[in-house]
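Colleague: Below you'll find the structure I mean.
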Amino acid sequence: MELKEIGAMAEPYFVAVSPHNYNSTTMGLAATMQVSALMPNFLITEYFVNLEEFGKSVSVNPLEPTDGYIPLPSTPGLGIEVDEDRLRSYPYKKFPARNIRQFNEEGP
């Protein structure tokens, strides 16, 4: 609900809210949509088409944009049903940590 609180702080100043939504694969997108629907100053959120196929593959009732809009689901909870068996077919992958140099490693 932190997103809603941020929206509430911006509203008296007539500032629109545009949530960052890189986790727009089904569950993250559904959560963002539900909270955004409560904010009168919500403007727009991100939707990554490169993640669309994955989202459709793990959802029984995927969220699909039509003419630039995604209808808000009216079913209970977040409004989506996740295919848990299909989701298990995408096991967690641990990626190696990036080798980002620290400021004290700079110089001669």
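Colleague: State the Cα centre-to-centre distance between region 1-20 and region 24-73 in whole Å.
Modeller: Cα centres, region 1-20 to region 24-73: 18 Å.
Colleague: Now, a different point. Evaluate E = 1/(1 + (r/R0)^6) for ARG88 and ASN23, where r is the Cβ-Cβ distance and R0 equals 22 Å; express this FRET efficiency to the nearest 0.05.
Modeller: Approximately 0.70, to the nearest 0.05.
Colleague: Could you work out the longest stretch of the chain that avoids the chymotrypsin sites (Phe, Trp or Tyr not before Pro) located in DSSP loops with at most 15 other Cβ atoms within 10 Å?
Modeller: Of all site-free stretches, the longest is 49-91.
Colleague: Run the paramagnetic zone check for PHE14: 7 angstrom along Cα to Cβ, then residues of region 23-46 with backbone nitrogen under 15 Å.
Modeller: It comes to 41, nothing else.
Colleague: Need the list of aspartates and glutamates near LYS4 for cross-linking: C-alpha distance under 17 angstrom, and skip anything on the same chain fewer than eight residues off.
Modeller: By straight Cα distance, LYS4 reaches GLU46.
Colleague: Taking the Cα centre of the chain as origin, sum charge times position over the Cβ atoms of Lys and Arg (+1) and Asp and Glu (-1), and report the length of that vector in debye to the nearest 20.
Modeller: 340 debye
Colleague: Moving on to the next point. Of all the C-alpha pairs in the chain, what % are more than 20 Å from each other?
Modeller: For the chain, the share of Cα pairs beyond 20 Å comes to 53 percent.
No lab work stands behind these numbers, since they all come straight from the coordinates. Quantities reported herein were computed from a predicted structural model and do not represent experimental measurements. Glycine gets a Cβ as well: all are built from the backbone with ideal geometry, and neighbour counts include every protein chain shown.
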